[in-house]
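Chemist: Please find one structure pasted underneath; my questions will follow.
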Amino acid sequence: MNEKLTKEEIMAALNERHSPEKQALLSEGRVAIAGLGGLGSNVAYALARIGVGHLHLIDFDVVDITNLNRQQYFMEHLGMYKTDALKSLLLKINPYLDIQTDCVKVTEENIVDLLRDDSIICEAFDRPEAKAMLVNGVLEHFPEKKLVSATGMAGYGSNNTIRTKRLMKNFYLCGDGVTEPEYGNGLMAPRVAICAAHEANMITRLILGEEEI
Amino acid sequence: MVTINGNQTTLSTDLTVAEYLEQNNYQTNRIVVELNEEILPKYLYSETRLKDGDSMEIVTFVGGG
């Protein structure tokens, strides 16, 4: 079967899985994902699959061959902007999602304009300086928004050291907190995906009204 | 007595947050500072003095995503 599903068919399937009450909340969800690498591409897949209705994808980079060990891209995407590649993939899952993209580097100067309309923000950057800049910026300028961030997910260490913590009322932090990539212990699909799933499930909980970790 | 990252400690002198971070070798472009459960914006690090009863959490980000 290669014909496109109708919006009604997709909604019926999501309602069957999630219940119409929960799905209505998910469909109204509005999430920005800053960084579309191992964390962000996996978070986006998870949220798109459960029908989170409004996704805002932000990244300035293109798909590189070293991304394929953990990020949700394919060979055909090499050299493409991650925003374009990921949007096209998500629309294969559900073509009726509202997906906005910004192919731009987030800075202290543009962060307020970029994130103004998003109620939940997922920090999914790679570099620690970028993570800190985004988290500082969101907490300072948008204390009312929900922020889910991640630090420490490299290597193949224990599953069970990856945790979700609630550090402030609206600030959640996932990861083991300490493991950065190094020789022989780089970023790898399984453990990065565990951390991404922590972020995605916390975001899902927030959309559905659960604020506890 | 102040509490820093969950540990109670007595600071020898009247330190600003910026001075504490420098003395303890924090890289300020990789951290978030929470003082008494509120975010402390970077521009306030040098003018905020740690005082008795304060609770400060310093979150250090590592690379990877």
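The values are calculated or read from the model by the stated rules, or taken from the named source; none is laboratory data. As the structure is a computational prediction, the values presented were derived from the model and not from experiment. Positions of Cβ are generated from backbone atoms using ideal geometry, with glycine treated the same way; all protein chains shown enter the neighbour counts. The protein model used for the area step is the full one, side chains on, heavy atoms only, and it has no ligands, DNA or RNA in it. Shrake-Rupley method; radii C 1.70, N 1.55, O 1.52, S 1.80 Å.
Chemist: For region A:1-29, what are the residues that are open to solvent by 50 Å² or more (accessible area, probe 1.4 Å) and hydroxyl-bearing (Ser, Thr, Tyr)?
Modeler: Hit for region A:1-29 is A:6, nothing else.
Chemist: Just checking, which of B:45, B:20, B:26 is in a helix (DSSP H, G or I) and within 14 Å of chain A (Cβ to nearest Cβ)?
Modeler: Within the list B:45, B:20, B:26, the selection yields B:45.
Chemist: Sticking with this structure for a sec: Considering every residue within region A:88-100, establish whether at least one is within 14 Å of chain B (Cβ to nearest Cβ) and out of contact with any Asp or Glu (no Cβ under 7 Å at 6 or more places or on another chain).
Modeler: no
Chemist: Another question, then. Residue by residue through region A:86-115, note down the ones that are hydroxyl-bearing (Ser, Thr, Tyr) and touching a residue at least 24 places away in the same chain (Cβ under 8 Å).
Modeler: Within region A:86-115, A:96, A:101, A:107 meet the criteria.
Chemist: Can I ask one more? Could you check region B:48-65 and list, in sequence order, the residues that are open to solvent by less than 20 Å² (accessible area, probe 1.4 Å) and away from every other protein chain (no Cβ under 12 Å)?
Modeler: B:50, B:54, B:56
Chemist: Among the residues of region B:1-55, write down those that are modelled with pLDDT under 95 and among the acidic types (Asp, Glu).
Modeler: Within region B:1-55, B:14, B:37, B:38, B:52 qualify.
Chemist: If you check every pair at least six apart or on different chains, which have Cβ atoms under 8 Å apart with a residue in region A:25-51 that is on the phi > 0 side of the Ramachandran plot first and a residue that is open to solvent by 30 Å² or more (accessible area, probe 1.4 Å) and acidic (Asp, Glu) second?
Modeler: Qualifying pairs under 8 Å: A:35/A:126.
Chemist: Of all residues in region A:116-133 being under 14 Å from the mean Cα position of the chain (by Cα) and aliphatic (A, V, I, L, M), which is farthest from the other protein chains (Cβ to nearest Cβ)?
Modeler: A:120
Chemist: So which residues in region A:30-73 are within 13 Å of chain B (Cβ to nearest Cβ), in a loop (DSSP other than H, G, I, E, B) and open to solvent by less than 40 Å² (accessible area, probe 1.4 Å)?
Modeler: If the condition is that a residue be within 13 Å of chain B (Cβ to nearest Cβ), in a loop (DSSP other than H, G, I, E, B) and open to solvent by less than 40 Å² (accessible area, probe 1.4 Å), then A:35, A:36, A:37, A:59, A:70, A:71 are the ones that fit.
Chemist: Let me ask something else. If we keep just the residues of region A:20-29 that are among the small types (Gly, Ala, Ser) and part of a helix (DSSP H, G or I), which is nearest to the other protein chains (Cβ to nearest Cβ)?
Modeler: If we take residues in region A:20-29 being among the small types (Gly, Ala, Ser) and part of a helix (DSSP H, G or I), then A:27 is nearest to the other protein chains (Cβ to nearest Cβ).
Chemist: Additional query: I'd like the full set of residues that are loosely packed, with under 15 Cβ neighbours inside 10 Å and of a type in the set (A, V, I, L, M, F, W, C), limited to region A:81-99.
Modeler: The answer is A:91, A:93.
Chemist: Has region A:144-158 got at least one residue that is under 19 Å from residue B:33 (Cβ atoms), within 13 Å of chain B (Cβ to nearest Cβ) and out of contact with any strand residue (DSSP E or B) (no Cβ under 9 Å at 6 or more places or on another chain)?
Modeler: No, that holds for no residue.
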